[in-house]
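The values are calculated or read from the model by the stated rules, or taken from the named source; none is laboratory data. Source: prediction; values computed, not measured. Note: ideal-geometry Cβ built from the backbone for every residue, glycine included; neighbour counts use all protein chains shown.
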């Protein structure tokens with residue numbers, strides 16, 4: 001298990017991925033291709049690249065991925081309004097809307113899919129254009145790519161594969177007496193099922209029992225949290241539905257003096273106690289660099305290895321901890337990358 005006494009770095013999947021991320025130069029049009037698994041951007045020479053950005057819900061971490069992607073493209077020389085035009089759409093958690101967005105984006109040169117449900121919808125509807133995902137927990141398990149090293153189709157991107165053992169170890173460090181954790185997640189998100197399974201597999205080694213409550217939409221989050229209010233700590237993974245309504249969990253946590261540990265740093269600013277998690281703005285930047293490198297090379301997603309998030313960060317909210325009835329240990333505060341609240 002990686003130590004929590006230092007910042008962890010997840011290795012990139014393949015050296016080829018490092019090479020792609022490091023490319024530089026001015027934007028160049030890529031040859032068009034409509035063969036499945038060989039999709040490349042189809043913008044005509046001299047034309048402005050048309051990029052669609054889709055996300056399943058609106059919350060700070062997903063917005064950070066979106067903004068980071070655009071920054072990565074700009075860093076590589078794709079100036080918005082001159083070299084590239086973006087159309088960003090948000091499905092507000094509705095699958096039918098997500099399907100409609102996928103249909104509308106079928107004519108784009110490149111599609112950016114933020115989070116697992118979004119990537120699945122885009123991949124199902126768009127077989128012949130490059131799709132770059134960001135914030136996907138397990139791209140292979142979600143059936144988006146054949147393998148991390150060789151995606152094999154028209155889809156590639158970056159994964160926010162979670163450091164589950166470290167996240168649970170953080171719970172034990174903040175709440176040493178914890179024996180039972182309450183796990184909240186959406187029944188509709190593949191990424192959430194994957195993360196939940198990882199939590200349940202890792203918990204026994206730390207002497208933790210997992211109780212779970214699932215939701216179908218954000219309106220059920222408060223009730224689900226209430227059903228678990230007798231646990232020793234709440235844990236929320238990389239779940240877009242729960243995170244979009246994290247204030248509901250914070251309210252229950254504070255009312256019942258139950259610490260809340262999460263998997264995205266932005267939720268700490270919204271009232272969670274702590275997160276050991278991906279820097280989502282940095283992951284968006286990483287994805288934008290990947291896309292720019294492929295566009296310049298004239299390559300295809302089939303041969304662009306999936307990359308994992310490079311940096312993990314510890315964010316802590318001491319004021320939230322106090323409201324939840326605990327004191328953050330000095331050792332945790334001392335190594336925090338961000339202290340908020």
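Here are some notes:
- Within region 82-120, being crowded, with 24+ Cβ neighbours inside 10 Å and at positive phi holds for one residue alone: 115.
- Taking first residues from region 330-341 that are at pLDDT below 95 and partners that are surrounded by fewer than 15 Cβ atoms within 10 Å (Cβ to Cβ) and outside any loop (DSSP other than H, G, I, E, B), the Cβ contacts under 8 Å between residues at least 6 apart in sequence or on separate chains come to 341/319.
- For residue 78, the conditions (1) crowded, with 16+ Cβ neighbours inside 10 Å; (2) in contact with a strand residue (DSSP E or B) (Cβ under 7 Å, 6 or more places away or on another chain); (3) at pLDDT below 95; (4) not in a helix (DSSP H, G or I) are fulfilled apart from (3).
- Condition check for residue 302 on (1) surrounded by fewer than 22 Cβ atoms within 10 Å (Cβ to Cβ); (2) part of a loop (DSSP other than H, G, I, E, B); (3) out of contact with any helix residue (DSSP H, G or I) (no Cβ under 6 Å at 6 or more places or on another chain); (4) in contact (Cβ under 8 Å) with a residue 12 or more places away in the chain: one failure, at (2).
- Only one entry in 280, 276 is within 16 Å of residue 181 (Cβ to Cβ) and in contact (Cβ under 8 Å) with a residue 60 or more places away in the chain, namely 276.
- Single residue of region 271-299 satisfying the filter (surrounded by fewer than 24 Cβ atoms within 10 Å (Cβ to Cβ) and in contact with a strand residue (DSSP E or B) (Cβ under 9 Å, 6 or more places away or on another chain)) that is farthest from residue 168 (Cα to Cα): 298
- Condition met for residue 288 (more than 20 Å from residue 162 (Cβ to Cβ), in contact (Cβ under 8 Å) with a residue 40 or more places away in the chain, touching a helix residue (DSSP H, G or I) at 6+ places or on another chain (Cβ under 7 Å) and part of a helix (DSSP H, G or I)): yes
- Any chance residue 92 is modelled with pLDDT of 95 or more and out of contact with any strand residue (DSSP E or B) (no Cβ under 7 Å at 6 or more places or on another chain): no
- Any hit, region 137-148, residues being touching a residue at least 24 places away in the same chain (Cβ under 8 Å), surrounded by fewer than 16 Cβ atoms within 10 Å (Cβ to Cβ), more than 19 Å from the chain's Cα centre (by Cα) and not in a strand (DSSP E or B): no
- Of all the residues in region 190-206, those that are in contact with a helix residue (DSSP H, G or I) (Cβ under 6 Å, 6 or more places away or on another chain) and either free of Cβ contacts under 8 Å to residues at least 12 places away in the same chain or surrounded by 24 or more Cβ atoms within 10 Å (Cβ to Cβ) (or both) number 1.
- Answer from 221, 268 - the residue that is touching a residue at least 40 places away in the same chain (Cβ under 8 Å) and closer than 19 Å to residue 324 by Cα: 268
- Test result for residue 134, assigned to a strand (DSSP E or B), at pLDDT 95 or above, surrounded by 24 or more Cβ atoms within 10 Å (Cβ to Cβ) and within 19 Å of the chain's Cα centre (by Cα): yes
- Within the set 162, 151, the sole residue that is closer than 29 Å to residue 95 by Cβ, part of a loop (DSSP other than H, G, I, E, B) and modelled with pLDDT of 95 or more turns out to be 151.
- Any hit, region 47-59, residues being over 17 Å from the mean Cα position of the chain (by Cα), at pLDDT 85 or above, within 15 Å of residue 133 (Cα to Cα) and assigned to a strand (DSSP E or B): yes
- Residues of region 242-265 classified as farther than 18 Å from residue 212 by Cα and in contact (Cβ under 8 Å) with a residue 40 or more places away in the chain, total: 5
- Selection from region 225-239 of residues that are modelled with pLDDT of 95 or more and either surrounded by 24 or more Cβ atoms within 10 Å (Cβ to Cβ) or under 24 Å from residue 165 (Cβ atoms) (or both): 225, 228, 231, 232, 233, 234, 235, 236
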